Amino acid sequence: MELVCPAGTPAALRVAVNAGADAVYCGFRDETNARNFPGLNFSRDEMQGGIAYAHAHGAKVLVAINTFPRAGALQLWHDAVDAAVEASADALILADTGLLDYAARTHPGQRLHLSVQAAASNPDAIRFYVEAFGVKRVVLPRVLSVPEIAAITKASDCETEVFVFGGLCVMTEGRCSLSSYATGQSPNMNGVCSPASHVTYKEERGALVSRLGEFTINHFAEGEAAAYPTLCKGRFRTSQGSGYIFEDPVSLDLATMLPALRDAGVTALKIEGRQRGRAYIEQVVRSFRHALAAMDAGRPIEAGRLTPMTEGQNTTAGAYRKTWR
């Protein structure tokens, strides 16, 4: 299975390639990609240089142009598609149907992948993208169990890619309105979930208070690990008590489930984290390279190797190991 790794900067791309990534995914420094954070992403020249470096070392580069264009501003997204093709990207990761149509018509030889932002999670939806735009691979939402992934892969004439490590969202990918409500900036449109520009921390009566916009997300006692104030992972008071109502601060880790994903017919394994630093990228990529080697050799895969790199120092298999159905 192909190991697809994140790169938020040219330096992170080189680290991912050197650590053993088969492919790296990255985006331009604008709102055309869903990780549009200050200090991240690539200029046009940096993308060209990054792709050249990856190709020289036997790795691929997948360019994410996976937000939804604003009305009247299509040219920015069209230019991103053209620039990625000109830079010799191995694939474009797209979500918007209009943009898929533009890419398929304008660059008929370019390989296209369907972003997780499109939330295609059944064979009929995937078949539409394959037949209409020639999509070769679909990134599946993190709401499916392994048997469901196996059924989709078997019924679809399309490669499947699944997330195996990193951030976990409680929503079907790209369908969250919570961050948009709190900050006025949309993950789908502006490429930012819980943007740092709206995050504040303040000491109040011996506790550390985190806020997103005007909303208090959490209170942390002295010595308690303080998670980033993502709205869906905050603690809230309800009539049933206080706690993490939507989801605990936790990261996805499917290292020990790699054999099951292989047996399900999955083509590619995706690591989340374009906003992460180089040390994170190197350690996670090397760990999964080690896990894949162990699997191929028939050795057991060690669990918990990456726990120190996770949110809240806690991991989950999420919906992949669904027990509530």
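The values are calculated or read from the model by the stated rules, or taken from the named source; none is laboratory data. What you see is a predicted model; the values in this text were computed from it and never measured. Here the Cβ positions follow ideal geometry from the backbone for every residue, glycine too, while neighbour counts run over all protein chains shown. Only protein heavy atoms, including side chains, enter the accessible area calculation; ligands, DNA and RNA are left aside. Shrake-Rupley method; radii C 1.70, N 1.55, O 1.52, S 1.80 Å.
Order S180, S242, S251, most accessible first, counting only protein heavy atoms with a 1.4 angstrom probe.
Result, largest first: S242, S180, S251.
Can you give the three extents of the C-alpha atoms in the chain along their principal axes, from longest to shortest, in whole Å?
61, 53, 38
So, how do all the Cα-to-Cα distances of region 187-325 break down into 5 Å bins, in percent, from 0 on up?
2, 8, 14, 18, 18, 15, 11, 8, 5, 2, 0, 0
Let's see if you can work this out: charge +1 on each Lys and Arg Cβ, -1 on each Asp and Glu Cβ, no other charges. What is the dipole magnitude of region 1-130 about its Cα centre, in debye to the nearest 20?
120 debye
Keeping every protein chain present and rolling a 1.4 Å probe, give me the accessible area per residue for the chain in Å².
So the chain comes to 44 Å² accessible per residue, rounded to a whole number.
For region 215-325, what does the relative contact order come out to in percent, with C-alpha contacts under 8 Å and a separation of six or more?
30 percent
How many percent of all Cα-Cα pairs in region 1-110 sit more than 23 Å apart?
23 percent
Out of region 162-264, which GluC sites (Glu not before Pro) are coil in DSSP terms and have no more than 10 other C-beta atoms within 10 Å?
Passing sites in region 162-264 are E214, E222.
Cα to Cα, under 23 Å, and not fewer than 8 places away if on the same chain: which lysines meet these conditions relative to K270?
Excluding near neighbours in sequence, the set is K60, K136, K154, K233, K322.
What figure in square angstrom, to the nearest 10, would you give for the accessible area of F37 with a 1.4 Å probe?
Counting only protein heavy atoms, F37 exposes about 40 Å² to solvent.
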